[in-house]
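Q: There's a structure below that I have some questions on.
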Amino acid sequence: MSIEAFKIIGGKKISGELSVEGAKNAALPIFVATLIEKGTYILKNVPNLRDIVTLTKLLESLGLEIEKLSNHSYKIVNTGLKSLEASYDLVKKMRASFLVMGPMLAHEKKARVSLPGGCAIGSRPVDLHLKGFEALGVKINIDHGYVEGETAELIGNKVVFDFPSVGATENVIMAAVKATGITIIENAAREPEIDDLCNFLVKMGAKINGIGSGRLEIEGVKKLYPCEYSIMPDRIVAGTFIVASLMFDGDISVKGVVRDHIESFISKLEEMGAEFEIEGDVLRTKTKLSQLKPAKATTMPHPGFPTDLQSPMMTLMCLVDGTSEIKETIFENRFMHVPELNRMGANISTDANMARVTGIKNFSSAEVMASDLRAGASLVLAGLLADGETIVNRIYHVDRGYENLEIKLQALGANIERIKVEI
Ligand code: UD1
């Protein structure tokens, strides 16, 4: 059997502009939200990613008709749901599939959804999602790996999360928009992708107050109206490209940056000595890599330092003289890229959820493996700097979260190609 890998001949100067696509983590819940109300939706600025293809298959199995109109826009027609079951085969590929539960409950008061799979970065339970549904009056039963939910009527209530889970917040919002009465979500996640989902729902006629805050107030309405919506730019891809820009001494600029969305990340880089110029949505780096100083970063829910930028940041820290530290507080097992970076000559040691990174002069080329999508992109960046040939295996992870990464890098002059390797 063969799988795809990237072959990179690094050590070459690259320069130009990298353009950020629409946000995967906003597109996924917004696609799912079209389950809530019948009608025709047009979604724009949708990234071309494997996760979107996976979700499309799942939504089609539930009865939606999905047509790709052009490179980044889709027409979704909801004429009613054919099935109320999201099967293991489709859900296991991507944890975000579990988000269909809230909209199905809103639409049909009933759903059967397989417990999710997803990245190998920890156990990732769904207890908070279920706690939220139960508060709205849903009777939950777990049977043979499936979550079954049913109610005669969704009734607004207060939902207090122990932890601001992104997925649980989205799922409960989508269940609550057509519930009877008012739902209050306390300790809601505040990630910008949640604002994007709320703005989409508001455009459909939902009543949501407190968008952007940790307290959301949702007044259920009887009917929503399909609409046209353009997805926000991907702040995690933007952050990854900013790391590339720093690694290449500012020879790369990044288009599609909204500073507010990644303020904690950009300010951490500034604390390390980086200087940026942002004109409109284009970011230029004014600093050389050798000018950066070590730092300490701790991942936190938004507006804290995003866990999804932990591996790109660590890859950058590998090249910063001195010792940096990263503490991961969101996911267990999210240091799986460490042994791979160490194979490329990095000097990183870990103790539980702490990583100590001692700077090296440069990466050395090696054969490595992507453990998740962000880590995969980080290994690609390391490979671009390393002299010689680097092979990054398991790039299906990278394809889940970065659109045409190798094509974008080839346009900057990078020597990177997609190859097939036998396993
Ligand atoms: C989303 C993002 C992912 C990002 C993460 C944190 C999408 C599609 N994915 O994932 O890229 O890394 O936010 O910013 O948007 N938890 C529970 N019980 C639950 C739900 C979550 O214990 O019911 C725990 C998880 O195991 C994890 C933490 O909460 O340790 C964060 O999870 P959550 O915020 O829900 O992340 P996701 O929505 O899965």
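Q: Give the peptides 313-320, 414-421, 226-233, 170-177 in descending order of average Cβ contacts within 10 Å, highest first.
A: 170-177, 313-320, 226-233, 414-421
Q: Quick one: which residues, 5 or more positions from SER230 or on another chain, have an amide H under 5 Å from its amide H? H modelled 1.01 Å from N in the peptide plane, none for Pro or chain starts.
A: Answer set, sorted by chain and number: LYS44.
Q: Moving on to the next point. Using the per-residue mean of other Cβ atoms lying within 10 Å as a proxy for protection, in what order, highest first, do the peptides 97-106, 78-87 fall? Mind dumping the intermediate values first?
A: Numbers: 97-106: 27.9, 78-87: 16.0.
For the peptides 97-106, 78-87, the packing ranking is 97-106, 78-87.
Q: State the three equivalent ellipsoid semi-axes of region 257-375, derived from the C-alpha gyration tensor as the square roots of 5 times its eigenvalues, in descending order and whole Å.
A: 23, 18, 13
Q: Using the Karplus equation 6.51 cos²θ - 1.76 cosθ + 1.60 (θ = phi - 60°), what ³J(HN,Hα) coupling, rounded to whole Hz, does each residue of region 295-301 give in order, writing x for Gly and Pro?
A: Ordered by residue, 3J(HN,Hα) equals 8, 10, 9, 10, 6, 8, x Hz.
Q: If you don't mind, there's one more thing I want to ask. Quick query: amide H of SER19 versus all other amide H atoms, modeled in the peptide plane; which residues come in under 5 Å with a sequence gap of 5 or more or a different chain?
A: Amide H neighbours of SER19, under 5 Å, 5+ apart: LYS255.
Q: Then there is this: Report the rotationally averaged projected area of the chain based on its alpha-carbon convex hull, in square nanometres.
A: Over every viewing direction, the Cα hull of the chain projects on average to 18.9 nm².
Q: Now, a different point. Give the lysines whose C-alpha is closer than 21 Å to that of LYS13, dropping any in the same chain fewer than 8 places away, or say none.
A: Straight-line reach from LYS13, under 21 Å: LYS255, LYS286, LYS288, LYS361, LYS408.
Q: Now, a different point. To the nearest 20 debye, what charge dipole does the chain have about its Cα centre, counting +1 at the Cβ of each Lys and Arg and -1 at the Cβ of each Asp and Glu?
A: 320 debye
Q: Turning to a different aspect of this structure: Taking the Cα-to-Cβ direction at TYR396 and at ASP89 and moving 7 Å from each Cα, how far apart do the two end points lie in nm?
A: Rounded to a tenth, the inter-label distance reads 1.5 nm.
Q: At 1.4 Å probe radius, can you tell me the per residue accessible area of region 145-276 in Å²?
A: Averaged over the residues of region 145-276, the accessible area is 35 Å².
Q: Separate question: For a paramagnetic label modelled at 7 Å from the Cα of LYS361 toward its Cβ, which residues of region 379-413 fall within the zone defined by backbone nitrogen distances under 16 Å?
A: The answer is 385-388, whose backbone nitrogens lie closer than 16 Å to the label point.
Q: Hey, another quick one. How big, on average over all directions, is the shadow cast by the Cα convex hull of region 41-91, in nm²? Intermediate values should be presented prior to the final figure.
A: Numbers: hull surface 13.9 nm².
If I average the Cα hull's projected area over directions, I get 3.5 nm².
Q: Here is a further query. Per residue of the chain, what 222 nm ellipticity follows from adding -39500 (n - 2.57) for every DSSP H run with n ≥ 4, rounded to the nearest 500?
A: Rounded to the nearest 500, it is -8500 deg cm²/dmol.
Q: When you count, for each residue, the other Cβ atoms within 10 Å and take the mean per peptide, how do 340-347, 195-202 rank with the highest first?
A: 195-202, 340-347
Q: In the chain, with Lys and Arg counted as +1 and Asp and Glu as -1 at Cβ, which of these residues, ALA175, GLY210, VAL380, has the Cα nearest the positive end of the dipole, that is, farthest along it?
A: The one lying farthest along the dipole's positive direction is ALA175.
Q: Further question: How much of the accessible area of region 210-353, in percent, comes from carbon and sulfur atoms when a 1.4 Å probe is used?
A: Details: 2640 of 5750 Å².
With neighbouring chains kept in place, the figure for region 210-353 is 46 percent.
Q: What is the gain in length, in nm to one decimal, between LYS223 and LYS139 on full extension, counting 0.36 nm per residue of separation less the C-alpha to C-alpha distance?
A: Result: 27.9 nm gained on full extension.
Q: Please report the antiparallel percentage of the DSSP beta bridges confined to region 1-154, to the nearest 5.
A: Within region 1-154, antiparallel bridges account for around 90 percent of the total.
Q: Quote to one decimal, in nm, the extra length available between SER230 and GLU150 on full extension: 0.36 nm per residue of separation minus the C-alpha distance between them.
A: 25.6 nm
Q: Please name which of VAL166, ALA33, VAL368 has its Cα lying farthest along the dipole of the chain towards the positive end, using unit charges on Cβ (Lys, Arg +1; Asp, Glu -1) and the Cα centre as origin.
A: ALA33
Q: How high is the relative contact order of the chain, in percent, counting Cα pairs under 8 Å that sit 6 or more residues apart?
A: The normalised contact order for the chain reaches 21 percent.
Q: List every residue whose amide H lies under 5 Å from the amide H of GLY273, counting only residues 5 or more places away in sequence or on a different chain, with H placed 1.01 Å from N in the peptide plane.
A: LYS293
Q: Restricting to the chain, compute how many DSSP beta bridges are antiparallel as a %, nearest 5.
A: Values: 58 of 79 bridges.
Given both bridge residues lie in the chain, the antiparallel proportion sits at roughly 75 percent.
Q: Calculate how many DSSP beta bridges within region 266-352 are antiparallel, expressed in % of all such bridges and rounded to the nearest 5.
A: If I count the DSSP bridges inside region 266-352, around 50 percent turn out antiparallel.
Q: Size of the dipole of region 21-80 about the Cα centre, Lys and Arg at +1 and Asp and Glu at -1 on the beta carbon, nothing else charged, in debye to 20?
A: Values: 7 positive and 6 negative charges, 16 e Å.
For this selection, approximately 80 debye.
The values are calculated or read from the model by the stated rules, or taken from the named source; none is laboratory data. Since the structure is predicted, the reported quantities are computational estimates derived from the model, not experimental observations. Every residue, glycine as well, gets a Cβ built from its backbone with ideal geometry; the counts of neighbours run over all protein chains shown. Side chains are part of the model used for accessible areas, which takes the heavy atoms of the whole protein and leaves out ligands, DNA and RNA. Shrake-Rupley method; radii C 1.70, N 1.55, O 1.52, S 1.80 Å.
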